[in-house]
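Take a look at the structure below.
The values are calculated or read from the model by the stated rules, or taken from the named source; none is laboratory data. Predicted model only: the values in this text are computed from it and were never measured. Cβ placement follows ideal geometry from the backbone for every residue including glycine, while neighbour counts extend to all protein chains displayed.
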Amino acid sequence: MNGPTSKSEEFAPEVLALHARLDREAREGGYRLNPDREFTLRLVEALLVNEKRYGYWACPCRLAFGEKSKDLDVICPCNYRDADLEEFGACYCALYVGEEWLGGKVRQQSIPERRPEKFMREGYSPEPPPVAEGAVPGTGKLPYPVWRCQVCGYLAARDAAPGVCPVCKAKKDRFERFL
């Protein structure tokens, strides 16, 4: 019998490499990947399939439109990851999990879909940020515009959005002008 000797050997080298990268980046950002290695490798493999299909890492557990502008909120790591981790201990697809989930302090369960139904029907369409009473958006005494990462909320005051979020590693197109 000349088959693979471990489950991990069933996966292509690029899947294993991306898994290692995501694991490292998750730990650097204070996150954890699901410790069920085979399950997690299958999710990573699906991210790569979606990258080949669409050109970006659409969440493997959601239907994608195939248009980046309509899928921005569900590009991994998705806009809903942190809220899911806080409330349920894991994200929607359980790629990312929290310490309480890992330690058995949070019940492992299906995570309800947090994506607004309108986005599921029509695609992502950002709501304008709330404006403080009396304030005029985009004006004030700030010397630079403020950019907000839609995934983790990181704020950056600079001429243009960062290329990669230093907190969650989301790419530049995941930033929106905040102020």
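Scanning for something in contact with a Pro (Cβ under 7 Å, 6 or more places away or on another chain), at pLDDT below 95, crowded, with 20+ Cβ neighbours inside 10 Å and not aromatic (Phe, Trp, Tyr), does region 88-111 turn up at least one residue? Within region 88-111 (the criterion being in contact with a Pro (Cβ under 7 Å, 6 or more places away or on another chain), at pLDDT below 95, crowded, with 20+ Cβ neighbours inside 10 Å and not aromatic (Phe, Trp, Tyr)), the answer is no, since none of the residues qualifies.
You will find that of 21, 53, the residue that is part of a helix (DSSP H, G or I), within 25 Å of residue 114 (Cβ to Cβ) and not hydrophobic (A, V, I, L, M, F, W, C) is 53 and no other.
So which of 157, 161 ends up being more than 19 Å from residue 75 (Cα to Cα), at pLDDT 80 or above and surrounded by 12 or more Cβ atoms within 10 Å (Cβ to Cβ)? Before the answer, list the steps.
Working: 161 fails: more than 19 Å from residue 75 (Cα to Cα).
Just one listed residue meets the conditions, 157.
Here residue 81 fulfils each of the conditions (1) touching a strand residue (DSSP E or B) at 6+ places or on another chain (Cβ under 6 Å); (2) at pLDDT 95 or above; (3) under 21 Å from residue 165 (Cβ atoms) apart from (2).
Pairs linking a residue in region 20-32 that is not assigned by TED's automatic domain parsing to the domain that holds residue 81 to a residue that is at pLDDT 90 or above and among the acidic types (Asp, Glu), with Cβ atoms under 7 Å and 6 or more positions apart or on different chains, do not occur. The number of residues in region 69-97 that are under 14 Å from the mean Cα position of the chain (by Cα) and touching a residue at least 40 places away in the same chain (Cβ under 8 Å) comes to 17.
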